[in-house]
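Okay, structure first, notes after.
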Amino acid sequence: MLPRPLFIGHEIYRGSSYGRAHPLRVPRVSTVMDVSRAMGWLPQEAFVTSPRAKPAALHAFHTPEYVAALQAAEAAQEASADVRARHHIGTVSNPVFPEVFRRPATAAGGSILAGELLARGGVVYNPAGGTHHGMPDRANGFCYLNDPVLAMLSLRHHGAPRIAYVDIDAHHCDGVEAAFAGDPDVLMISVHEENLWPKTGLLQDDASGSALNMPVPRGLNDSEMAYIRDALVVPAVADFAPDAVVLQCGADAVTEDPLAHLDLSNTAHWAVVAALNGLAPRYLVLGGGGYNPWSVGRLWTGVWATLLGAEIPDHLPPEAEALLRALEFKGHRLGRNPPEHWFSTLRDAPRNGPIRQDITDRVAHLRQRWEAAGQRLQHA
């Protein structure tokens, strides 16, 4: 058992950008590293430098042809028309940028390493992970490699055959679902905005019995997320009795995110992080989406504090506040006049509200399906 939670990071994320016009032009993981250190939450003994995954390790999920194409695109800093058509490298969503292989391979290396570190149990945080859209032979939705899939395969290799994967990113985890559809030893639960790209993960889609998909309407609030958490997510994971829990904690479901239309505070995410902790001997928390530098940095730093059991103060110390004040969000209206609390505190005010019937009806539908599946297994 790991003696304490471990944080996997790397300096490659500092200054690396998908390009000046891309949503992933903003700093994210480096902010979490810096603010966590400023808060005294990331001593040297808790920090693990992420290795870069070698091609052979990536071949556990990705085709050799695709991995080679990604390496070639980084070396040439361009992709041919054939590569764009076949592998979706060099598109508007998945551009060629200086670290187009090294950056995702480092995130994947961290997630693969997490499976090894968790062989005897514990808690690991890899905020650079969570690239849940990557497909075996193509980039997809800003994701060049699918590190959650690689993490789950690594966990299995190191003694955790039964895995519960929970995803609270605003976007559905289409790549993870494609990898594990029909696997009886994987439970995938995704809470995502309905009708948002990639427009998969419909309520009736169960990935051949391996998934509970919970699409939610626009404006999802903290009260509704708490209801989903307590009535669906936690009971299903507990019933499944996994050897490991993997949480993809994308930060794009909060009000301030520019690409989604949900209305959560970051405290709703932290509550999910806390609720899943202890439901399995191994717990891996990944990052994911999130395209406002302040909301991502504050949310993911709070995730680390939650995993540590650290008290999150109402007001940040000067060093941490200075780091947040130094962030920029060029080219977007949210960066023109950011509110003061984005600098002075990590914690959002709660965003509670009524629990809509759409939510309760969908949870009831999924609970009924889950309970029926359990009964079938008991009688098999």
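Quick notes
- Lone unmet requirement of (1) in contact with a Gly (Cβ under 7 Å, 6 or more places away or on another chain); (2) in contact (Cβ under 8 Å) with a residue 60 or more places away in the chain for residue 47: (2)
- Checked against the criteria, residue 305 counts as open to solvent by less than 10 Å² (accessible area, probe 1.4 Å), farther than 24 Å from residue 141 by Cβ and modelled with pLDDT of 95 or more.
- Meets criteria (over 27 Å from residue 144 (Cα atoms) and either of a type outside the set (S, T, N, Q) or assigned to a loop (DSSP other than H, G, I, E, B) (or both)) for residue 236: yes
- Filter result for the condition that a residue is in a loop (DSSP other than H, G, I, E, B), buried (at least 24 other Cβ atoms within 10 Å of the Cβ) and at pLDDT 95 or above, over 200, 131: 131
- With respect to the conditions (1) open to solvent by 10 Å² or more (accessible area, probe 1.4 Å); (2) under 23 Å from residue 230 (Cβ atoms); (3) hydrophobic (A, V, I, L, M, F, W, C), residue 363 lacks only one, and its number is (1).
- Any pair with Cβ under 6 angstrom, 6 or more apart, that starts in the range 19-31 at a residue that is free of Cβ contacts under 8 Å to residues at least 60 places away in the same chain and outside any loop (DSSP other than H, G, I, E, B) and ends at one that is crowded, with 19+ Cβ neighbours inside 10 Å and not β-branched (Val, Ile, Thr): 30/13
- Criterion: open to solvent by 10 Å² or more (accessible area, probe 1.4 Å) and more than 30 Å from residue 339 (Cα to Cα) - qualifying residue of 226, 271, 238: 238
- Meets criteria (part of a helix (DSSP H, G or I), farther than 15 Å from residue 287 by Cα and either open to solvent by less than 10 Å² (accessible area, probe 1.4 Å) or free of Cβ contacts under 8 Å to residues at least 60 places away in the same chain (or both)) for residue 155: yes
- Verdict on residue 84 being basic (Lys, Arg) and in contact with a helix residue (DSSP H, G or I) (Cβ under 6 Å, 6 or more places away or on another chain): no
- When 307, 327, 346 are checked against the criterion of being under 30 Å from residue 116 (Cα atoms) and touching a residue at least 40 places away in the same chain (Cβ under 8 Å), a single residue qualifies: 307.
- Residue tally, condition open to solvent by 10 Å² or more (accessible area, probe 1.4 Å) and assigned to a loop (DSSP other than H, G, I, E, B), over the range 168-190: 6
- Total residues in the range 366-380 satisfying the condition of being under 31 Å from the mean Cα position of the chain (by Cα) and either modelled with pLDDT of 55 or more or not in a helix (DSSP H, G or I) (or both): the figure is 9.
The values are calculated or read from the model by the stated rules, or taken from the named source; none is laboratory data. It should be emphasised that the depicted structure is a prediction, and the values quoted were computed from it without experimental measurement. Cβ: placed from backbone, ideal geometry, glycine included. Neighbour counts: every protein chain shown. Please note that ligands, DNA and RNA were not included when accessible areas were found on the heavy atoms of the full protein model with its side chains. Shrake-Rupley method; radii C 1.70, N 1.55, O 1.52, S 1.80 Å.
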